[in-house]
Structure formats: C-alpha cells, structure tokens
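Undergrad: Here it is, the structure in full.
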Amino acid sequence: MKAAWITAHGGNEVVMVGEHAQPIRERGEVLVRLRAATLNRVDLYMRDSGAGITHRLPQILGLDGAGTVETVDNDETRLTPGQQVVVHPGITCGRCEFCLRGERVLCSHMSLLGEHRDGTFAQYVSVPARNVFPMPAGLSFAEAAALGVNHLTAWRMLFSKARLKAWETVLVFGIGGGVSLAALQLAKRVGARVLVTSRDRQKLMRASKLGADHTIDGSTQDIAKAVMAATDGRGVDVVIENVGAAVWSSAMKSLVRGGRLVTCGATTGDQPPADLRRIFIRQLQIFGSTHGELGEFQDLCGFVEQTGLKPVIDREYPLDQVHDALDRLESGAQFGKVVLRID
Ligand code: ZN
C-alpha cells in the first residue's frame, strides 16, 4: 500500500512516501481503507523529535482519518464492508484503573495512531472496532477526518470540562488553528457568544464570517482590556486556550469571577506565572484537557450530522505531497485543516 512514514527524526528528509507493507487485521479489529487524513501539530513533533512519546522507527504518521470499511469480523454487528467511517485515534487497554472507571481517555497504556503505532497517512489502517464510527451524513472524507482530533478535543473542552451554557460567553485564543476553529464552530452551534483572538487580521476577518461575535487583534490590542470592553467590564465565562505562556496572563484577566479556563496546549511555553491570588480570590477553575472519549466522539458525530457543521478545510494535498502539507502546517499560515487525500 501507499503510505508516509518517518525513518528517523529531523526535517522533511526523514519523511518517506511510497510502498509500505499493509497492516494485518487482528480479530476484533476493522481494516479501514482510508480516503483522507488531516495534519495535526503532533505530526510535526513526531517528525522533529517525538521525545517523551514511546514509539518505534520506522512509523507511519497520522492520527485522524476517514474512509471505508475494508474487512471486519464475520460476527461484527455495527459495521459492514463498504460503509463510510471515521476513526477515533486513541486505542486503550480496557483493563487499567482509568479504563475500568470509564475514563479511557486517561488510560495509562494509551496507544495513539501516528504516535505510538502506525497511523493514518496510509491507504490502510487496522484498529479495534470500537474506534470506528459511521461517518456523519453530509461530510466529505476530508471533513470527517478532521473531526477525530481537533473537534473531539474542542468538544471535550467546551462541554465536558467547562460545561458551556447557551447563554454564556467564550473567549477562544489563536483562531485559525484546528482546535480554536472547532471551538468557535461548536460554541456558536449551541448559541453561545464567542470572542476570538489572533495576531493575523485576515484570520480575524474569516472568523467573523464563521460567526465570531467579536474579534481581538493580539498584535495591536491589550486582549484583557478588549475583552472587558466587549463584555461591559464583566469578563467571559469560559476561556479556551492552547497558546500557553504568551497569553496566559491575558487569559486569566479575561475571566469573570468563577470563570473556567480550559487548556490543551502550550505552543509558546508551559511555565507562565500562576497568578495564584487571582485564582483563589476570584474562584477561577482551571482544567487540563486532551483529546476525548469514544462516547464523546459518538456524541460529536451525532451533533455534526444534526447541525450540519462542516470542519474548515485549509488546503488538500495528495499523499505524495506530504512534505508540502507539513510545510504548510509548519508555516502557521493555515486557516483550518491541512488535508492529505489518499486516492
Ligand atoms: Zn487503560
């Protein structure tokens, strides 16, 4: 089969694309013929170093993906060959204390596609049947693939962690990135008011077209002051944050008393001042979050089908041009998901 994989760590020169052995499906698994996968920042991280992530080399990159069922067990009742499906990339042990508690997302033996095992930048991937879900109607393979990491992450942050209500206001940092755009789309669909920040005017304009109620240019405006001006001096109920140290102080100052901040990333650094006095006096709540449960993914797929939400696609590249796709993501110029088409 065709695939893209890393042979070492470094730049694009360690990313190979060509013929690769096809995965062998084990009992209980589904062999999926992938049609699209999207790029996530962790793909760059795996290429660059992969430090702290137990993996072997060579390894196929790619976390999310959508395609059709190639083969399943004869006694599989939920999925049938030819069915259009989307993949949840987190494979869990089912036996550790966290899995037994029903929190598979905390599994101490978590194995993620493209991080700990061969991923989705390939014509085929084999995963446990429980990780495969019928594709929401109305989506392309590329749009469906985009759900598996970014939208699932944003879903858990907004609804499971922050418990966002329709009448509340959300501040989303760094609009243009996959999780931020997903958070904007999801929060608007449930009726919340959404403020977004970026240092790129073009991205702010595009966010407005997607429904953002208020935009803040971080390159020219003091974000916390702009938030207060836009909320009659009150602040926002929820902050969705993955930028890290560069905006942490602004994020804390933007919250109303009792407000909730959810973080899922630290691109600009992970050791900002904690601002403890503000946290306890204003009784702020801070949540860490990463990825999401199988049940959350099922809910997300239902939500997407019901509301007609379509993930934002930046550009599509054929699998052969994986290097160009990685460059596009690394440039930071993208607005939405960078997609690999797998013909
Ligand atoms: Zn487990």
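Undergrad: For the chain, what does the convex hull of the Cα positions come to per residue, in cubic angstrom? Walk me through the numbers on the way to the answer.
TA: Numbers: hull volume 45.8 nm³, N = 343.
Measuring per residue, one finds 134 Å³ for the Cα hull of the chain.
Undergrad: Restricting to Cα pairs below 8 Å that are 6+ residues apart, what does the relative contact order work out to for the stretch 129-213? Please round to a whole percent.
TA: Values: 94 pairs, mean separation 21.7, N = 85.
Relative CO of the stretch 129-213 lands at 26 percent.
Undergrad: For Tyr317, Tyr124, Tyr45, what ranking results if the residue with the fewest other Cβ atoms within 10 Å of its Cβ goes first? Can you show the working numbers first?
TA: On the way: Tyr317 18, Tyr124 23, Tyr45 15.
The fewest-first ordering by Cβ neighbours comes to Tyr45, Tyr317, Tyr124.
Undergrad: Starting at the first residue of the stretch 318-333, write each ³J(HN,Hα) from the Karplus equation 6.51 cos²θ - 1.76 cosθ + 1.60 with θ = phi - 60°, in whole Hz, x for Gly and Pro.
TA: Here the 3J(HN,Hα) series is x, 3, 4, 9, 4, 5, 5, 5, 5, 4, 4, 5, 5, 5, x, 7 Hz.
Undergrad: Next question. Quick check: convex hull over the Cα atoms of the stretch 185-293, volume per residue in Å³, rounded to an integer?
TA: On the way: hull volume 12.7 nm³, N = 109.
For the stretch 185-293, the hull spanned by Cα atoms encloses 117 Å³ per residue.
Undergrad: Which log10 I(q)/I(0) values does the stretch 250-343 give at q = 0.18 Å⁻¹ under the Debye formula, counting every alpha carbon as one identical point scatterer?
TA: So the normalised log intensities work out to -1.06.
Undergrad: Here's another thing I want to ask about it. Report the full-extension gain for the segment Leu106 to Asp232: residue separation times 0.36 nm, less the Cα-Cα distance, to one decimal in nm. It would help to have the intermediate numbers written out before the result.
TA: Working: separation 126, 0.36 × 126 = 45.36 nm, distance 3.90 nm.
This chain segment gains 41.5 nm when fully extended.
Undergrad: How many nm separate the modelled label positions at Tyr45 and Arg130, each set 7 Å beyond the Cα in the direction of the Cβ?
TA: Going by the 7 Å Cα→Cβ label model, 2.4 nm.
Undergrad: Right, next: If R₀ is 56 angstrom, what is the calculated FRET efficiency for the pair Ile24 and Arg163, using the beta carbon separation as r and rounding to 0.05?
TA: Working: r = 43 Å, r/R0 = 0.76.
Calculated transfer efficiency: 0.85.
Undergrad: Within the set of other residues whose C-beta is less than 9 Å from the C-beta of Ala145, count the net charge using Lys and Arg as +1 and Asp and Glu as -1.
TA: Working: positive: Arg35, Lys337; negative: Asp64, Glu143.
Residues near Ala145 contribute 0 overall.
Undergrad: A further question on this structure: How big is the Cα convex hull of the stretch 154-240 in projection, averaged over all directions, in nm²? Working shown, then result.
TA: On the way: hull surface 19.5 nm².
Mean projected area of the Cα convex hull: 4.9 nm².
Undergrad: Where both residues lie in the chain, what percent of DSSP beta bridges are antiparallel, nearest 5?
TA: 55
Undergrad: Once amide H atoms are built 1.01 Å from N in the peptide plane, which residues 5 or more positions from Gln59, or in another chain, come under 5 Å H to H?
TA: Those lying under 5 Å, H to H, from Gln59 are Ile6.
Undergrad: Within the stretch 83-239, what percent of beta bridges assigned by DSSP are antiparallel, to the nearest 5?
TA: Working: 5 of 17 bridges.
Here the antiparallel bridges make up roughly 30 percent for the stretch 83-239.
Undergrad: Something else now. What is the sum of charges around Leu57, taking Lys and Arg as +1, Asp and Glu as -1, for the other residues whose C-beta is under 13 Å from the C-beta of Leu57? Mind showing how you got there, number by number?
TA: Numbers: positive: Arg47, Arg56, Arg117; negative: Glu115, Asp118.
Charge balance near Leu57 sits at +1.
Undergrad: While we're on this one: Given the DSSP H assignment, sum -39500 (n - 2.57) over each helix run of at least 4 residues in the chain and divide by its residue total; what's the result at 222 nm in deg cm²/dmol, nearest 500? Intermediate values should be presented prior to the final figure.
TA: Values: 11 runs with 91 residues, N = 343.
Value at 222 nm, helices only, nearest 500: -7000 deg cm²/dmol.
Undergrad: Neighbour counts of other C-beta atoms within 10 Å: give me Met252, Met1 arranged from fewest to most.
TA: Details: Met252 22, Met1 15.
The fewest-first ordering by Cβ neighbours comes to Met1, Met252.
Undergrad: Can you sort Leu326, Leu79 by how many other beta carbons sit within 10 Å, fewest first? Each step should come with its number before you reach the end.
TA: Details: Leu326 22, Leu79 17.
Going from least to most buried by this count: Leu79, Leu326.
Undergrad: Excluding Ile175 itself, what net charge comes from residues whose Cβ is under 9 Å from its Cβ, given Lys and Arg +1 and Asp and Glu -1? Numbers along the way, then the final one.
TA: Details: positive: Lys203, Arg206; negative: Asp200.
That works out to +1.
Undergrad: Simple spin-label model, 7 Å along Cα-to-Cβ: Thr54 to Arg199 in nm?
TA: For Thr54 paired with Arg199, the spin-label model returns 3.7 nm.
Undergrad: Enumerate the calculated ³J(HN,Hα) couplings along the stretch 10-24 in order (Karplus 6.51 cos²θ - 1.76 cosθ + 1.60, θ = phi - 60°), each rounded to whole Hz, writing x wherever the residue is Gly or Pro.
TA: Values, residue by residue: x, x, 4, 5, 8, 9, 9, 9, x, 7, 9, 4, 7, x, 9 Hz.
Undergrad: Still on this model: May I ask you to compute the full-extension gain from Ala137 to Glu97, defined as 0.36 nm times their residue separation minus their alpha-carbon distance, rounded to one decimal in nm? List each step's numbers first, then the result.
TA: Working: separation 40, 0.36 × 40 = 14.40 nm, distance 3.57 nm.
Full-extension gain reported as 10.8 nm.
Read-outs: derived from the displayed coordinates by stated rules, not from any lab. As the structure is a computational prediction, the values presented were derived from the model and not from experiment. Glycine also receives a Cβ, built like all others from the backbone with ideal geometry; neighbour counts cover every protein chain displayed.
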